[in-house]
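For reference, the structure is listed below as structure tokens.
The values are calculated or read from the model by the stated rules, or taken from the named source; none is laboratory data. This is a predicted model, so every value here is computed, not measured. For neighbour counting, all protein chains shown are included, and Cβ atoms are generated from backbone atoms with ideal geometry for every residue, glycine included.
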Amino acid sequence: MRHLNLLLLALLVLSAGCIDFTETLTLNDDGSGLIDITYSLPEETVTQITGMIKLADELASVSGEEPPGDSHGYLDLLLNPSEERIKRKVESYDIDGLAVKDMKVESRHGGRHVKFQLTFDRITDLAKTDFFADQGFTLSRIQGDNYRLLRKGIKAPSEQPIDLEDPQIVRMITPILGGFNATVGVKTPGRVLQANTTRRSLRQAVWNFEFNRDPEDFRSFYTKDLEVVFDGSGLSLPAE
């Protein structure tokens with residue numbers, strides 16, 4: 001979901017009104033865990049993005065260029081989710097212990113709403129898939145008994161599609177992006193020692209990206225490294 005090329009990212013920026021996304025990773029003391037994902041998209045946003053992608057494909061065809069890519073079909077799955085399609089995608093990873101549970105996909109109040117959980121046996125197995133290698137957290141052992149969970153941000157392009165530091169541009173896109181809100185959380189099996197977020201408790205770290213609070217938060221959601229170090233005393237976790 002994070003790994004969009006520059007053009008698709010620009011399309012989302014221009015059409016992302018009221019996107020609400022939450023992801024929480026719970027890591028157990030044996031390396032297994034749970035990923036809880038919820039998101040909602042207004043139908044109007046889906047229509048706008050679909051139309052823009054079609055236009056981008058047509059322009060690329062006319063100019064003889066390669067169309068913007070969605071080689072793994074994640075953007076299409078995001079915009080057109082169904083319980084069957086999500087389950088089929090997870091099964092295609094062919095990872096023992098990775099399964100979907102408690103899934104609900106529905107259309108209501110003029111939007112598409114998705115909620116599901118993924119269970120896994122070993123966090124290191126998730127990196128074997130293209131999606132989790134990009135979207136997920138990696139676990140490594142550092143500093144004796146301590147462990148680090150890290151989600152690497154996507155490197156920002158040298159030329160940004162939209163200058164979010166320009167006050168005039170911010171005023172123009174605020175009505176569109178004003179509803180963008182994303183939250184990523186991690187629950188650890190040991191005491192949190194450090195995290196690059198102010199929202200942390202004994203065994204949890206949370207990062208929130210809210211356009212209305214700071215326009216740069218939209219870009220930070222894709223580019224910021226999310227890191228938490230926790231006490232691994234007495235734990236023997238599978239790690240890279």
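A compact table of results
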read-out	value
Long-range neighbours under 8 Å by Cβ, at least six apart or interchain, first residue under 20 Å from residue 128 (Cβ atoms) and touching a residue at least 40 places away in the same chain (Cβ under 8 Å) within the stretch 88-109, second among the basic types (Lys, Arg) and buried (at least 16 other Cβ atoms within 10 Å of the Cβ)	97/122
Scope the stretch 69-101; condition surrounded by 11 or more Cβ atoms within 10 Å (Cβ to Cβ) and of a type in the set (D, E, K, R); matching residues	70, 76, 83, 85, 87, 88, 89, 91
All helices (runs of 4 or more DSSP H) inside the stretch 9-106 with 1 or more residues being over 30 Å from residue 234 (Cβ atoms) and modelled with pLDDT under 90	43-63, 74-79
Cβ-Cβ under 7 Å pairs, at least 6 apart or on other chains, the stretch 113-130 side assigned to a loop (DSSP other than H, G, I, E, B), far side charged (D, E, K, R) and surrounded by fewer than 17 Cβ atoms within 10 Å (Cβ to Cβ)	121/96
